[in-house]
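Here, each number is a calculation from the coordinates, and none is a lab measurement. Since this is a predicted model, take the numbers as computed values, not measurements. Heads up, the Cβs are rebuilt from the backbone with ideal geometry, glycines too, and the neighbour counts pull from every protein chain shown.
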Amino acid sequence: MKAIRLILAGLALAAGANAGLAAERTIRIASTTSTENSGLFKHILPAFEKTSGIRVQVVAVGTGQAIRLAQRGDADVLLVHHKPSEVTFVREGFGVERFDVMYNDFVLIGPKGDPAKIRGGRDVTAALRKIAKARAVFASRGDDSGTHKKELGLWRAAKVDVKTTGGQWYRETGSGMGAALNTASGLNAYILSDRATWVAFKNKGNLAVLVEGDRRLFNQYGVILVNPKKHPHVKVKDGNAFITWLTSTEGQKTIAAFKVKGRQLFFPNAKR
Amino acid sequence: MVVVANAFGEALHLLTSFDAELMGIIGLSLQVSLGALVVAAAIGLPFGAALALYEFPGRRPIAVFLNALMGLPPVVVGLFVYLALSRAGPFGFFELLFTPTAMVIAQTILITPIIAALTRQLTEDLWREYGEQLRSLGSGAGRAIPTLLWDGRYALVTVLLAGLGRAMAEVGAVIIVGGNIAGYTRVMTTTIALETSKGNLSLALGLGIVLMLLALIVTAAAYLVRETAVRQLG
Amino acid sequence: MATNNGIQPLHLEQVSYAVRGRTLIDAIDATITAGERTIILGPNGAGKSLLLRLCHGLIAPTGGRVAWGGPFAREARKRQAMVFQRPVMLRRSAAANIDYALGLRGFSGADRKARLAEALRNTGLAELAGRPARVLSGGEQQRLALARAWALEPEVLFLDEPTANLDPAASREVERIIGAIHASGTKIVMTSHDLGQARRLADEVLFLHGGRLVERSPAEAFFERPRTDTADAFMRGELYW
């Protein structure tokens, strides 16, 4: 019947878009918005694809979502930045082994006017306490991402219970880093962000980095192969090829070479 | 408002530079949404017409339900399709998640109710006009479906454009089932979302202008086709 | 061929039609036989159009029954045609509209082409064949509706006030064609509220009022000596509903 022919035509149109990649070797990475938005992948993946012939598809979502995605077997490799979650991921059998890849740091950003007066401080928990005391507007990721978990950990360390005392000034945006930064920019709010996303961000408005350098703002990235025992379809050989390259001298050098506005954003620290 | 002013400059730059990446993104947007339109029309046109012409128990509630489905939130459709196509889901072995086909599937689900509901209304009106004469000539409801759809073809163009517009404008469904993968499942709306999240507001708005121009071209083309045909065939 | 007496006569046995408690057709008994031109006459709201649709089978009676008595009664659907007050044309050419009807009935090949050409010729529409049917004038479209019905060579042709919306010249042309269709062997059953038209065309008259069959007579008898007061009042122009 005519309808069936039309349906097949429509799917063929879509398949046409798929088909181009059917013959290639591809792997899929579940990663975070910070690595994607900063532009890191755009810089390092072509180098890997050239040497290996493997195309890498990146699905960039929040850390929580990336981990759940990998748990469901919808990706071959996981690359996020929240070590406790990553360790649990491996321990529960979803991942094979966790490797350090690179680090950068988080920075505490706020309005240039700085109503909570935290500028120049080196103690992030003290700064957070001042923000809570001043009831200055703070924008949180609120999305169960690595950054969000880090932020919540810092509030706990500062002994501030944002759930009960947050009220008017603590705003959970439930969004990715970029969207949250847009919100912070619009609200002239304080916000915790990874440095890479911030440097590459183009809508800074009236915001600036106010507190940095605290050891606790260290941000470690880890890479894990999804466990083929749980998901037999995982591309083990090609996934491992990527992990090996990423932690190799060549991969690490490529990461270090990535600069935005002259600044290096990610610092390789794979153990070899 | 500086952002808005800059956006027009960005749009102009985008259009004249013929950037390969942008061309690819536009091409994929059209492929996905047009593909979804074709499938949605193949299902929705006969279904909507049949719903108008056949009497059967439950006909009224189905029509009401169909009208309600026009308001399906794209992000809900996206989530539903994601769960279905995920490796951990019932259709995982098709390996369709994060591919353009998944995006076509999601958009088809999204726009079929629109096409079916509007076709149903159109067919009902047409049957009121033609029904007695067609029955007198010996045509049953089933035989009348293609005749009515063809006779209502000008109004149907508007119905199809409504479906296409909904598909091209949505981002919630395609971003979840497609994953916004660079060079593979990135379309106009997801690119706008991405650039917005990177703070590139002028570029994002410029892309928005390009997208609306695209919609304008498609609509104008459909209008021209319709006008020439109407002039010829009355 | 269809114009032979295959399905007639038409028996109306206590035919009633009521909707939402209102009786619109009230227990009509009649047998309509082949040959003559039958005009159903009556004021507006008498139920003429409704009765015609009941006869043609477009509506089912709520009481009584409508039955064809001829040997080919089972093929009744295929051996009738109807022309409505407003012609209903598809968005295609005039010829294509006739062709569509022929296709529905199962005609094909040379026979189909011949019928199409003849129908156009007989109704004077040959030159307008390629024009979009919907841009034709009211009179031309009604002629096209007649051509479409004629091409099917129906045994019975029902017409529902076919000239009500036409000017006098177009009306005369339509009446001429109806006469020609009758002459070629088709039974004519037509409704009208126009006395002059009824006088011109009728061989027999069924006079309807308030859903009831009030009087039935050969045409001359009806117009010269109506037997009922209602019919008399109607002809004097004093029947208002």
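Calculated on the alpha-carbon coordinates, the convex hull of chain A measures out at 169 cubic angstrom per residue.
What you get for chain B, charging only the Cβ of Lys and Arg (+1) and of Asp and Glu (-1), is a dipole of about 420 debye around the Cα centre. Pick from C:LEU208, C:LEU136, C:LEU51: which residue has the top mean-square fluctuation in a GNM of chain C where Cα pairs under 10 Å get a spring? For chain C, modelled as a Gaussian network with Cα springs under 10 Å, the answer is C:LEU136. Given R0 = 25 Å, the distance between the Cβ atoms of C:ARG65 and C:GLU36 translates into a calculated FRET efficiency of 0.60. Among C:ALA219, C:ALA231, C:ALA164, the residue with the largest mean-square fluctuation in a Gaussian network model of chain C, with springs joining Cα atoms closer than 10 Å, is C:ALA164. For the stretch C:10-235, the Cβ-based charge dipole about the Cα centre amounts to some 920 debye (Lys, Arg positive; Asp, Glu negative; other atoms uncharged).
With respect to chain A, whose longest principal axis is taken over its alpha-carbon atoms, helix A:177-187 is tilted by about 30°. Among the residues of B:127-134, the average count of other protein chain beta-carbon atoms within 10 Å of the residue beta-carbon is 4.
Need one number: % antiparallel among DSSP beta bridges in the protein assembly as shown, to the nearest 5.
Around 55 percent antiparallel, to the nearest 5.
Computed from the C-beta positions of C:ALA18 and C:LEU58, the FRET efficiency with R₀ = 25 Å rounds to 0.90. FRET efficiency for the pair C:ASP167 and B:ALA155, taken as 1/(1 + (r/R0)^6) with r the Cβ-Cβ distance and R0 = 30 Å, rounds to 0.45. Shielding value for B:98-111 is 3, the average number of Cβ atoms from other chains within 10 Å of each residue's Cβ. Under 5 Å between amide hydrogens, built in the peptide plane, is the criterion, and for A:PHE267 it picks out A:TYR103, A:ASN104 among residues at least 5 positions away or on other chains. Sorted largest first, the principal axis extents computed over the alpha-carbon atoms of the stretch B:14-92 equal 57, 35, 19 Å. Note on chain B: GNM, Cα springs under 10 Å; of B:PHE65, B:PHE18, B:PHE47, the largest mean-square fluctuation is that of B:PHE18. Axis angle, to the nearest 10 degrees, between helix C:94-105 and the longest C-alpha principal axis of chain C: 70 degrees. Modelled spin-label separation between C:ALA73 and C:ALA110, with each label point placed 7 Å from Cα along the Cα-to-Cβ direction: 3.8 nm. In terms of its Cα atoms, the stretch A:105-217 spans 33, 28, 25 Å along the principal axes, sorted from long to short.
Express the Stokes-Einstein translational diffusion coefficient of the stretch A:24-176 in µm² s⁻¹, to the nearest whole number, given a Kirkwood radius over alpha-carbon pairs, 37 °C and a viscosity of 0.692 mPa s.
Working: Rh = 17.4 Å.
This corresponds to a translational diffusion coefficient of 188 µm²/s.
When the Debye formula is applied to the Cα atoms of the stretch C:10-235, each taken as the same point scatterer, what base-10 log of I(q)/I(0) results at q = 0.08, 0.13, 0.16 Å⁻¹? Taking Cα atoms of the stretch C:10-235 as identical point scatterers yields -0.29, -0.77, -1.12. In terms of the mean number of neighbouring beta-carbon atoms within 10 Å, the peptides A:49-55, B:124-130, B:36-42 order highest first as B:36-42, B:124-130, A:49-55. Between C:ARG200 and C:ALA221, the modelled label-to-label distance comes to 2.6 nm, taking each label 7 Å out from Cα in the direction of the beta carbon.
Could you tell me what % of all Cα pairs in chain B have separations over 24 Å?
53
Beta bridges per DSSP, both residues in the stretch A:105-217: antiparallel share near 60 percent. With Rh defined as the Kirkwood radius, the inverse of the mean 1/r over Cα pairs, the Rg/Rh of the stretch B:89-164 is 1.19. Projecting the Cα atoms of C:LEU120, C:ALA46, C:MET89 onto the charge dipole of the stretch C:10-235 (Cβ charges, centred on the Cα centre) puts C:MET89 farthest toward the positive pole. Remark: the stretch B:99-108, residue by residue, has Karplus-estimated 3J(HN,Hα) of 10, x, 4, 4, 5, 4, 4, 4, 5, 4 Hz, where x stands for each Gly or Pro and the curve is 6.51 cos²θ - 1.76 cosθ + 1.60 at θ = phi - 60°.
Expressed as a fraction of 2.2 N^0.38 Å, the C-alpha radius of gyration for the stretch B:152-234 is 1.38. Structure shown: which of A:LYS133/A:LYS202; A:LYS50/A:LYS229; A:LYS117/A:LYS149; A:LYS204/B:LYS198 lie over 20 Å apart, alpha-carbon to alpha-carbon? Check vs 20 Å cut-off fails for A:LYS133/A:LYS202; A:LYS50/A:LYS229; A:LYS117/A:LYS149. The dipole here belongs to chain A: it is taken about the Cα centre, uses +1 on the Cβ of Lys and Arg and -1 on the Cβ of Asp and Glu, and is about 400 debye. 3J(HN,Hα) along the stretch A:214-220: 5, 3, 5, 8, 4, 10, 9 Hz, from the Karplus curve 6.51 cos²θ - 1.76 cosθ + 1.60 with θ = phi - 60°, whole Hz, x for Gly and Pro. Shielding by partners for peptide A:68-77, expressed as the average number of C-beta atoms from other protein chains within 10 Å of each residue's C-beta, is 4.
In terms of the mean number of neighbouring beta-carbon atoms within 10 Å, the peptides B:19-27, A:222-230 order highest first as A:222-230, B:19-27.
Which whole-number percent of Cα pairs in the protein assembly as shown have a distance greater than 44 Å? For the protein assembly as shown, the share of Cα pairs beyond 44 Å comes to 48 percent.
Per-residue ellipticity at 222 nm, computed for chain B from helices alone with -39500 (n - 2.57) per DSSP H run of at least four residues, works out to -27500 deg cm²/dmol.
Peptides A:106-117, A:188-199 ranked from most to least packed, by the mean per-residue count of other Cβ atoms within 10 Å: A:188-199, A:106-117.
Each residue of the stretch A:56-62 was assigned a 3J(HN,Hα) from its phi angle through the Karplus expression (A = 6.51, B = -1.76, C = 1.60, θ = phi - 60°), giving 10, 9, 10, 9, 9, 9, x Hz with x at Gly and Pro. Put simply, the amide H of A:THR26, placed in the peptide plane, has neighbours under 5 Å in A:ARG55, leaving out anything fewer than 5 places away on its chain. Length gain on complete extension for the stretch C:ASN44 to C:HIS11, per 0.36 nm per residue less the alpha carbon to alpha carbon distance? Length difference between fully extended and current span is 9.4 nm.
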